[in-house]
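Derivation of every value follows stated rules applied to the coordinates shown; laboratory data play no part. The structure displayed is predicted, hence computed values, not measured ones. Cβ placement follows ideal geometry from the backbone for every residue including glycine, while neighbour counts extend to all protein chains displayed.
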Amino acid sequence: MLLLANAEAWPGFATSVDRLRGGMPSLDAMVEGIGLVERETKVRSVGHGGWPNMIGRMEFDAGVMDGTTREVGAVGAVPDTLPVSKLALEVMRRLPHVMLTGDGARRFATEIGFPHDETLLDDSRRVWWERLQRELSPEDLARFPDIPLVPLSRTITDPERVRDTTVFLSADRDAGIHAATSTSGWAWKYPGRLGDSPIPGAGFYADSRFGAAACTHTGEMTMRCGTARTIVLALRLGHTLHDAVRLAAEELAELREGFLAGVVIHAVDAHGQHEVVNFRCEGEISYWLWTDGMAEPELRPATTL
């Protein structure tokens with residue numbers, strides 16, 4: 001067995017490990033751990049601790065994929081709901097659809113018994129409002145949010161430069177390889193913006209025959225390149241995991257226009273190998289790893305390209 005996640009998974013990674021050790025199915029174990037990340041206010045890119053969109057509303061994205069059946073559940077721009085990773089799993093298990101978004105996803109959540117959650121922290125609201133006051137004229141502030149928002153999308157930036165996502169990849173004792181993701185998305189994003197986290201093939205992809213991959217940070221890039229799917233397809237075509245990840249990074253490097261920044265790629269293969277690669281992200285990137293031969297999970301440094 002193997003479990004891999006990004007560094008911000010710390011509130012729930014050990015729980016997922018314990019559940020896997022106890023025989024819980026991989027997707028359930030990962031979603032239980034991610035749910036703890038989503039409720040941890042110290043994690044500023046996921047769930048309750050995340051930042052609101054441009055009009056001060058929290059919107060969450062999540063996705064899960066069963067690599068054995070290649071079934072997918074995903075939700076995007078979901079208001080008033082935690083944990084959205086669990087909601088994505090319920091989409092996969094209860095509906096004939098792959099993805100629900102916005103008010104439709106919230107309706108489904110209500111129908112299956114999810115409570116309405118207050119998801120915006122008071123401190124996040126304060127920081128958001130203070131920034132608006134600096135950017136807008138008194139006239140526009142009085143009319144807000146009934147003003148053009150496009151100019152704000154290039155002037156208001158993330159207060160902590162956070163563009164991360166919680167990603168979990170697992171290889172279980174039944175030879176299944178699976179993926180799960182969750183994020184609150186970019187701070188001050190345009191309402192309705194989806195990143196790559198709920199997009200199968202971009203932010204995550206799993207095929208138990210070959211491997212799985214998941215990405216964090218600049219989802220606009222991985223959506224354009226289909227990064228997670230590229231890695232799994234390269235594995236299917238006989239590339240090593242090392243070469244498959246670098247092929248995906250080369251595709252990202254070929255982008256010349258649009259919003260360009262860094263990406264972190266997490267990947268595992270069907271032989272028990274793993275790779276975590278930092279492509280142009282600032283600072284040191286680390287990740288959590290556990291295998292059934294390890295007494296405790298380890299936080300390890302990513303490879304920098």
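For the reader, a short list of remarks on this structure follows.
- Subtracting the Cα-Cα distance of T291 and R134 from their residue separation scaled by 0.36 nm leaves 51.6 nm.
- Neighbourhood charge, 12 Å Cβ-Cβ cut-off, centred on E111 and excluding it, Lys, Arg +1 and Asp, Glu -1: +2
- Taking a Cβ cut-off of under 15 Å around V75, the surrounding Lys, Arg, Asp and Glu residues balance to a net charge of -4, with basic ones at +1 and acidic ones at -1.
- Each of R126 and R236 was given a label point 7 Å from its Cα along the Cα-to-Cβ line. The distance between the two points is 5.1 nm.
- Extension gain, E250 to E71, is 61.6 nm, computed as 0.36 nm per intervening residue step minus the present C-alpha separation.
- Correct option for semi-axes √(5λ) of the Cα gyration tensor in Å [calculated from the coordinates] among (i) 30, 23, 22; (ii) 61, 20, 14; (iii) 31, 22, 17: (iii)
- Ranked list, fewest to most other Cβ atoms within 10 Å of each Cβ, for F144, F279, F204, F60: F144, F279, F60, F204
- Between V98 and E118, the distance separating the two model label sites (each 7 Å from Cα on the Cα→Cβ line) works out to 3.8 nm.
- Potential lengthening between V150 and T303 on full extension [0.36 nm per residue; Cα-Cα distance subtracted]: 51.4 nm
- Three-way shape label, segment 32-162, alpha-carbon gyration tensor, a/c 1.5: prolate
- Taking Cα centre as origin and charging only the Cβ of basic (Lys, Arg, +1) and acidic (Asp, Glu, -1) residues, the dipole magnitude of segment 2-304 rounds to 320 debye.
- Relative exposure of K42, K86, K189, judged by other C-beta atoms within 10 Å (fewest first): K42, K189, K86
- Projecting the Cα atoms of S286, I112, V31 onto the charge dipole of the chain, computed from C-beta unit charges around the Cα centre, puts I112 farthest toward the positive end.
- Couplings 3J(HN,Hα) of segment 206-215, computed from phi: 9, 9, 4, 6, 10, x, 8, 8, 8, 10 Hz, in residue order, whole Hz [Karplus 6.51 cos²θ - 1.76 cosθ + 1.60, θ = phi - 60°; x for Gly and Pro].
- Candidates A228, A109, A206: whichever shows maximal mean-square fluctuation once the chain is modelled as a Gaussian network with Cα springs under 10 Å: A109
- Counted charge near D66, where neighbours are those whose Cβ lies closer than 12 Å (Asp, Glu -1; Lys, Arg +1): -3
- Between T41 and E282, the distance separating the two model label sites (each 7 Å from Cα on the Cα→Cβ line) works out to 2.7 nm.
- Sorting the segments 207-215, 90-98, 13-21 by their mean number of nearby beta carbons within 10 angstrom, highest to lowest, gives 207-215, 13-21, 90-98.
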